[in-house]
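Quick notes on the structure that follows.
The values are calculated or read from the model by the stated rules, or taken from the named source; none is laboratory data. Quick caveat: nothing in here was measured; it's all calculated off a predicted structure. Note that we place each Cβ from the backbone using ideal geometry, even for glycine, and neighbour counts take in every protein chain shown. The accessibility values were calculated without ligands, DNA or RNA, using every heavy atom of the protein model including side chains. Shrake-Rupley method; radii C 1.70, N 1.55, O 1.52, S 1.80 Å.
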Amino acid sequence: MQHDWWQLTPRREMCSLPCCLAAIDSRGLAFTIEERQALGIHGLLPARVKSQEEQVQLCKLSIERYEDPLNKYIYLMGLLDRNEHLFYRFVGENVADLMPIVYTPTVGLACQKYGLVYRRPRGLFITIHDKGHVYDILKNWPETDVRAIVVTDGERILGLGDLGACGMGIPVGKLALYTALAGIKPHQCLPITIDVGTNNETMLKDPLYIGLRQRRVRGAAYDELIEEFMQAVVRRFGQNCLVQFEDFGNANAFRLLEKYRGRYCTFNDDIQGTAAVAVAGLLASLRLTGNKLADNTFVFQGAGEASLGIAELCVMAMKAEGVSEEEARSRIWMVDSKGLIVRNRPEGGLNEHKEKFAKDCPPIRTLEEVVNTAKPSVLIGAAAIRGAFTPAILRAMADNNPRPVVFALSNPTSKAECTAEEAYANTDERAIFASGSPFPDYRTKDGRVLRPGQGNNSYIFPGLALGILCAGLVDVSEDFMLLAAEALAEIVSEDDLEHGSLYPPLKDIQNCSVKIAKKIVDHAYETGKAQVQPQPLDTEEFIRAQMYCSNYEPALPPRYVWPSDTAPRVDLV
């Protein structure tokens, strides 16, 4: 946790030189000469005074010196450790360049190497051995005004699988974006990892692994730990503390969402955040295809958290267009590791969530066969299988549609179902493409430049969280997710669409967060779910007033002149 100089004791006899240097680090050369003299740090810094703007430029020069993305990640985390304001300003003003470092794809590599890059605590680790004492651990966190928690158990980190305690990089990165992209105050954010072991043999044998060296605990003991955790959060931080579940395994993710939503202020980003950002892209694509959402046929490669979340929100959006739930579900075909999801499939592998999309037809084994049978207009991948969208599949999409919609959403980049270039090249450059990780611009044969849109959850979850906190929501129901998707789709400009992007530029993401938050807050009051009273007269002004400012504040309190004492003189007897 960072502290500015004036938050430390001004009594020099109580402040060692290392303490002084740590405080100076929080602003560096931005202290004015007057501030240095008044605070007793004059001479500890060279004569030059640098503005925060100049420091941001120095950060740019510094990070450009590193070629390895992991080294860039380590540099940024070091900056966050020593100068919180500068970190958030640097990231906030350079979102497009730094998002791939702070978040996907580099954060995946950082998690794989977390034992190597770990420097200092940035959150809490709660292990299975702490059962019965979770509240005591939460009390060890020095901040009491925690409003937002991102928690993972590390079982399904991006498309990389079980990384155990090394998954902490995800909550840290997510909450950094809460602040950088939505202005949620950093002291109100708490990253947490639930460490119940790992089944990853590489991690268990890695001498640098930082977690419990044991197989994952499941069953009743696991459930009791999560239940204790949720109760302890409310006891410590209040009922309105947001708990965002992140990168839990499929089996746990769905049932924990069902168990806790409505009772706690919570959502699952992998299921609901991914769904909202994907549906936002689909809604934006309708302006290019001229269709309604219900006019489309969808094929999903994958039937895990992300795919099922997107499919369910698509059903909700199609119902809003006026079609029945049965008709909406009939439009969706889902393919998992055993092939097309059909009723009474001999290979099995169906759960209650998949059953809702099961087809009444013979089994079909491969994605290519499903595409040739269903003839979809929309192809969505979220199963982390690199190359799943083969040239033959992409050509079939182009043969069946004037403007095929192709979403390769798996993260990191190495797990994407296809690249932007592959999507465009195999569809005569007619594909409407979006991805989960960034891809470079593509120049068409006629000289146009296409900017593939990145369907990144960071378009949704920071603004969603900001709205939830500003309204004081507890029940984060599914209508808020669809509302967030609609808000994001509305922000996409005609220029964005003309250049092939279904999402606004990343540099505009802070504005997106505010607009999404405004929709959330307004809807919360309309539905009577808002607990912050009274309702603000100007919602956007109210939201912006709650947001963190990354600019330096003066290091000295304001000073002003009092009039001289003009009262009659009183002589002491």
Exercise. Filter segment 521-559 down to residues that are in a loop (DSSP other than H, G, I, E, B) and of a type in the set (D, E, K, R) and give me whichever is nearest to Phe87 (Cα to Cα).
Key: Glu553
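Suppose we filter Glu312, Glu326 for residues that are touching an Asp or Glu at 6+ places or on another chain (Cβ under 9 Å), among the acidic types (Asp, Glu) and either modelled with pLDDT of 95 or more or in a helix (DSSP H, G or I) (or both); which single one remains? Before the answer, list the steps.
On the way: Glu326 fails: touching an Asp or Glu at 6+ places or on another chain (Cβ under 9 Å).
Being touching an Asp or Glu at 6+ places or on another chain (Cβ under 9 Å), among the acidic types (Asp, Glu) and either modelled with pLDDT of 95 or more or in a helix (DSSP H, G or I) (or both) holds for just one of Glu312, Glu326, which is Glu312.
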Quiz prompt | Residues (within 33 Å of the chain's Cα centre (by Cα) and either outside the structural domain of Pro376 (by the TED database) or of a type in the set (D, E, K, R) (or both)) located in segment 334-349 | solution = Asp336, Lys338
Quiz item: What number of residues within segment 467-507 satisfy the criterion of being farther than 22 Å from Met318 by Cα, assigned to a helix (DSSP H, G or I) and of a type outside the set (A, V, I, L, M, F, W, C)?
Solution: 6
Exercise. Would you be able to say whether some residue in segment 455-476 is within 24 Å of Lys507 (Cβ to Cβ), in contact with a strand residue (DSSP E or B) (Cβ under 8 Å, 6 or more places away or on another chain) and without any contact (Cβ under 8 Å) to a residue 60 or more places away in the chain?
Key: no
Quiz item: Given (1) among the β-branched types (Val, Ile, Thr); (2) at pLDDT 95 or above; (3) within 30 Å of Ile226 (Cα to Cα), where does Ile63 come up short, assuming only one miss?
Solution: (3)
Quiz item: Only one of (1) open to solvent by 30 Å² or more (accessible area, probe 1.4 Å); (2) over 20 Å from Ala221 (Cα atoms); (3) at pLDDT 95 or above is not met by Glu155, so which one is it?
Solution: (2)
Quiz prompt | Flag for Thr202 being among the polar types (S, T, N, Q), closer than 25 Å to Gln112 by Cα, open to solvent by 30 Å² or more (accessible area, probe 1.4 Å) and part of a helix (DSSP H, G or I) | solution = yes
Quiz prompt | Members of segment 456-466 that are closer than 21 Å to Cys314 by Cα, open to solvent by less than 10 Å² (accessible area, probe 1.4 Å) and not hydrophobic (A, V, I, L, M, F, W, C) | solution = Asn456, Ser458, Tyr459, Gly463
Quiz item: So which residues in segment 516-554 are of a type in the set (A, V, I, L, M) and either open to solvent by less than 60 Å² (accessible area, probe 1.4 Å) or touching a Cys at 6+ places or on another chain (Cβ under 9 Å) (or both), if there are any at all?
Solution: Ile516, Ala517, Ile520, Val521, Ala524, Ala530, Val532, Ile543, Met547
Practice problem: Would you please name the residue that is surrounded by the most Cβ atoms within 10 Å (Cβ to Cβ), looking only at residues in segment 409-444 that are among the acidic types (Asp, Glu) and assigned to a loop (DSSP other than H, G, I, E, B)? | Solution: Glu417
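Please state which one of Val449, Val492 is hydrophobic (A, V, I, L, M, F, W, C), within 21 Å of Ser435 (Cβ to Cβ) and open to solvent by 40 Å² or more (accessible area, probe 1.4 Å). Before the answer, list the steps.
Working: Val492 fails: open to solvent by 40 Å² or more (accessible area, probe 1.4 Å).
Checking each option against the conditions leaves just Val449.
Here is a yes/no grid of residues against (1) β-branched (Val, Ile, Thr); (2) assigned to a helix (DSSP H, G or I):
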residue: Ile149; (1), (2): yes, no
residue: Cys166; (1), (2): no, yes
residue: Gly169; (1), (2): no, yes
residue: Ile194; (1), (2): yes, no
residue: Glu224; (1), (2): no, yes
residue: Val233; (1), (2): yes, yes
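Which of the residues belonging to segment 81-98 are surrounded by 22 or more Cβ atoms within 10 Å (Cβ to Cβ) and either among the aliphatic types (A, V, I, L, M) or in a helix (DSSP H, G or I) (or both)?
Filtering segment 81-98 for residues surrounded by 22 or more Cβ atoms within 10 Å (Cβ to Cβ) gives 83, 86-88, 90-91, 98.
Result: Leu86, Phe87, Tyr88, Phe90, Val91, Leu98.
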Exercise. Within segment 288-328, track down each residue that is charged (D, E, K, R) and over 21 Å from Gly453 (Cα atoms).
Key: Asp295, Glu305, Glu312, Lys319, Glu321, Glu325, Glu326, Glu327
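What number of residues within segment 133-147 satisfy the criterion of being in a loop (DSSP other than H, G, I, E, B) and touching a strand residue (DSSP E or B) at 6+ places or on another chain (Cβ under 8 Å)? Give the derivation first.
Residues of segment 133-147 in a loop (DSSP other than H, G, I, E, B): 133, 141-147.
Right, trim to touching a strand residue (DSSP E or B) at 6+ places or on another chain (Cβ under 8 Å) and you get 141, 143, 146-147.
Summing the residues that are in a loop (DSSP other than H, G, I, E, B) and touching a strand residue (DSSP E or B) at 6+ places or on another chain (Cβ under 8 Å) in segment 133-147 gives 4.
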